[in-house]
1. Of 140, 241, which has the most accessible area with a 1.4 Å probe, and how do the rest follow in descending order?
2. If you take the beta carbon distance between residue 85 and residue 158 as r and set R0 to 25 Å, what does 1/(1 + (r/R0)^6) give as a FRET efficiency, to the nearest 0.05?
3. Within the stretch 285-315, which residues have the backbone N less than 20 Å from the label spot 7 Å out from residue 71 along Cα→beta-carbon, could you tell me?
4. Along the stretch 54-66, what does the Karplus equation 6.51 cos²θ - 1.76 cosθ + 1.60 (θ = phi - 60°) give for ³J(HN,Hα), rounded to whole Hz, x for Gly and Pro?
5. With the crude spin-label approximation of a point 7 Å out along Cα→Cβ, what separation in nm comes out for residue 130 versus residue 295?
6. So between residue 313 and residue 286, what do we pick up on full extension, going 0.36 nm a residue minus the alpha carbon distance?
7. Of the GluC sites (Glu not before Pro) in the stretch 64-98, which ones lie in a loop per DSSP and count no more than 15 other C-beta atoms within 10 Å?
8. Under a 1.4 angstrom probe, counting protein chains only, how are 301, 47, 71 ranked by accessible area, largest first?
Amino acid sequence: MSEFGLNSIMRLGPLTLESNLFLSPLAGYTNLPFRLVVREIGGVGLCTTDLVNARSLLEKNPRAFKLIETCPADSPLAVQLFGSVPEEMRDAAQMLESRGVAAIDINMGCPVRKVCNIGGGSAMMTELDKTAALVRGMADAVKIPVTAKMRLGWDDDNLTAPDLARALEDAGVAAIFVHGRTREQGFGGTVNLAGIRKVVEAVKTIPVIGNGDVITPQAAEKMLDETGCTGVSIGRGAFYDPWIFKRTLQHLRSCSSGRQSALTSNQPARNNEPTHVGCYGKNSGELPPEPSFSERVRVMCRHLDLMIEVFGEELGCRMFRKVAPWYAKRFGPCHEFNKKVVQIHTRVEFHDVLENYIRWRRQFLDEAGELQPRFRPPPMVASFMREPEPASTRREQIPVPKGPVEVW
Ligand SMILES: Cc1cc2nc3c(=O)[nH]c(=O)nc-3n(C[C@H](O)[C@H](O)[C@H](O)COP(=O)(O)O)c2cc1C
């Protein structure tokens, strides 16, 4: 049993999870090393791979197989599939089940043209009957849970997620993951908690997992409280803060024994019943401290070691160039580090960069070795917990990584 004990267990169909916190699929990031980093810190109930093309898996494309690379410590694992051909999605699900994967997630939220053009991703939200038939074919073909991940809808005039969720429940999905934004919204604006709540109210018994901008334990708590969802899924918040799962779980447990007893029930949590007694706004929950600088450095180095183990030194270091700056976001002044780390080719080079940076950073510390207050990064606040501010001064707090997935 994990150090978190029994209290935060939740069920996903036949699968029992040790926590109601999930790592969202993040194409290009949620690879084996990152999942292992998150799991070693603790608190996460289920990790999901990047999205994988079902056809590529069936064709045994080596790149698709690299995306599902796993090991015993990387468990339980869900693989996210995309595709629109029912037979291919079914066969890929069966293939994954035979390889020991714990759950299959279906991508219905991806707004990227390449995926929508073949009828996958968010295009699936627009064709209820066809999508439900595809999902039924998959759910009937495997014993492991099949889940679906969607946005609230195509745009504000087409908030199809509640109807789709209901249809998919009838088709046999074990849970719904919902990002509280529309396809049109991209990553802009505020996550719509009321929209997530409508999805929770639309289904009968399956859990709904809320998603979007959960970057602090308090944000997870607010999402649970205000939407009635059973769990939360965290994506970008985990990039620079892989400790978020552990801290959130500790926070939620300190907040509410009501939540825990609901989650330990033998019955699957019902979505339309509150799963916990919330304490948002009552300041009753403890907020575990943020990790220290040395802990951040320790985990970042471990992450690089795992990248090298899985991808080899050259590719691992090259890939790590885009990972290290996420850790640095909470280092305080970090431009010296970011400038150099994007040039590393080897582990030795990385450690040189790090040592030089640690020396350079000393000028910002006080006698106790802590960052002087004026150099500390500002506290993170989720979009749905911020005071409204004029559009002219608005700045996105969790950046979306550059690249072809800018509009996920
Ligand atoms: C770089 C990046 C890659 C993503 N890749 C996927 C993906 O492969 N499949 C998917 O369903 N969602 C993907 N998403 C969406 C996330 O899973 C998540 O729904 C979204 O980022 C909102 O959650 P967050 O605010 O916690 O990041 C991606 C998002 C980003 C920023």
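1. I get 140, 241, largest accessible area first.
2. 0.55
3. 298-315
4. Karplus values, whole Hz, x for Gly and Pro: 4, 5, 4, 5, 5, 7, 6, 5, x, 5, 5, 5, 5.
5. In this crude label model, residue 130 to residue 295 measures out at 4.9 nm.
6. Separation in residues times 0.36 nm, less the Cα-Cα distance, equals 5.6 nm.
7. Here the GluC sites (Glu not before Pro) that fit, given the DSSP loop and packing criteria, are 69.
8. Descending order: 71, 301, 47.
The values are calculated or read from the model by the stated rules, or taken from the named source; none is laboratory data. Predicted model only: the values in this text are computed from it and were never measured. Please note: Cβ atoms are built from the backbone with ideal geometry, for glycine as well, and neighbour counts cover all protein chains shown. In case anyone asks, the SASA skips ligands and DNA or RNA and just uses the protein heavy atoms, side chains included. Shrake-Rupley method; radii C 1.70, N 1.55, O 1.52, S 1.80 Å.
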